[in-house]
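Report on the following structure.
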Amino acid sequence: IYADPAKRLELYFRPKDPYCHPVCANRFPTSTMLLRVRRRSKKKQQLDTQEQIQPEVQFEMEILGIVTTVYKFQGMSDFQYLAMHSGPDGKQTSMYDKVLMLKPEKEEFFNRDLPLYIPPPIFSRLDTPVDYFYRPDIQHRSGYNNPQVSGENLIGLSRARRPHNAIFVNFDDEEIPTKPLDAAVQNWKKVCTNPVDKKVEEELRKLFEARPVWSRNAVKANISVHPDKLKVLLPYLAYYMLTGPWRSLWVRFGYDPRKQPEAKIYQVLDFRIRCGMKYGYAATDMPVKAKRSTYNYSLPITVKKQGSHTVSVHDLKQGLGSAGTSGAKKPPSSRYKLKESVYIFREGALPPYRQMFYQLCDLNVESLQKIIHRNDGTESECTERDGWCLAKTSDDLRDSMSLMIKQIIRSTRPALFSNTTSSEDGKEQLAYESGEDEDDEEEEEEDFKPSDGSENEMETEILDYV
């Protein structure tokens, strides 16, 4: 806990009880000293039996060190839920020996008839008292419409998401949009108020003229633009594909990749680095960062959320000038740019993350391009799974890329492969995995932190643009 400043210290009153709900302490900086105090008492020699003895007391103090961090338990203890059952006569019966499996049990253990015991799925997210005052309805700005109330959204977010007015297109949709929504135009005009924004708009227009389909991370690697501004700019120039071989990509208005065979080079490839015993190396053996791990999950109450800075329209209008960026390490021209490795695959280099979304034209390896262009000039049908490519082209690309990555790991850590044996033809047949240790869930919207790469190579952007 001490190693992670964002976590809170947990105290369990019943450490051996798995149903014990802890109290949490917040972390505070301090400048105090740790003292060791010794109290020594020495009895005086008794001269008279009637005289009371007064011991001689001495104190010794020693400074052991400086305390820089302290944890304070300022919250209230939450309700505790015991594994108990109340009988008809009101007698409480413990169920710990019936619901807890402390050792491997036989089938009879699971087939016993037991009273229904369902612990709460979650406890309170707050441990400090707050004053709640009944307030009148919130007065929204003009043009806001309350969302329709239905059984699906009675329990939802505390506020409606801010619309960015992107147009979403499915692979089965017959028509594609040729221009943005009026609201998207107004949003960008409202934000675009300085020469820097005008320049960014022109740079993005040139990108879409040279290449009609882009991923968001590819755009970030070619243009330095604040991510909150990019959310407003992309719906102004392109639409978003939800399904099919161009899913999660931005397509220039008026361009339909389903009718252009040459658009196959812009298709997306979902690639995940394979690891496991059958590949000769585990996940911990790879110097590649995982998107997220379920082993490090923390309950919301145990995480101390940092106060985020809300970006307002006024902040966006300030552009990317030098004002207010004196402490920035990068110059404004490249402050928000990502590295090329977040969207380009090269031979001899490991991907920055274990799950990557590449466009086929960004696979800069000759052997991979040969697989992609096997059917050049003979494309007859665009399918939702393979697009304009031959069937199982994605599987062939993943196999080749996995072999390249394995060779890189073999060269950097040969001890991992000392006991492995190759097949007769020297090629290792690697079956395609669905990525058990990776998530397909949509990334939650997080506060922007400039970095060299994203936690996920290409975040699912639907939540940002609805």
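All of the numbers you see were taken from the coordinates with simple rules; none came from a lab. Small disclaimer: the values here were computed from a predicted structure and weren't measured. Every residue, glycine among them, receives a Cβ derived from its backbone with ideal geometry; neighbour counts consider all protein chains shown.
Can you list the GluC sites (Glu not before Pro) in the range 166-241 that are in a DSSP coil and have 11 or fewer other beta carbons within 10 angstrom?
Working: sites: Glu174, Glu175, Glu201, Glu202, Glu203, Glu209; in loops: Glu174, Glu175.
Of the GluC sites (Glu not before Pro), the ones in loops of the range 166-241 whose Cβ has at most 11 other Cβ atoms within 10 Å are Glu174, Glu175.
Any idea what the dipole of the range 1-145 comes to, in debye rounded to 20, about its Cα centre with Lys/Arg Cβ at +1 and Asp/Glu Cβ at -1?
Values: 21 positive and 18 negative charges, 108 e Å.
Dipole magnitude for the range 1-145 comes out near 520 debye.
Determine, for each peptide in 63-70, 382-389, 255-262, the mean count of other beta carbons within 10 angstrom over its residues, then list the peptides with the highest first. Each step should come with its number before you reach the end.
On the way: 63-70: 9.9, 382-389: 18.8, 255-262: 16.4.
By packing density, highest mean first, the sequence is 382-389, 255-262, 63-70.
With charges set only on the Cβ (+1 for Lys and Arg, -1 for Asp and Glu), what does the dipole of the range 174-221 come to about its Cα centre, in debye to the nearest 20?
Numbers: 10 positive and 8 negative charges, 53 e Å.
Value, rounded to 20: 260 debye.
Out of the trypsin sites (Lys or Arg not before Pro) in the range 85-115, which ones are loop residues according to DSSP with at most 12 other C-beta atoms within 10 Å? Each step should come with its number before you reach the end.
Values: sites: Lys91, Lys98, Lys106, Arg112; in loops: Lys91, Lys106, Arg112.
Filter output for the range 85-115: Lys91, Lys106, Arg112.
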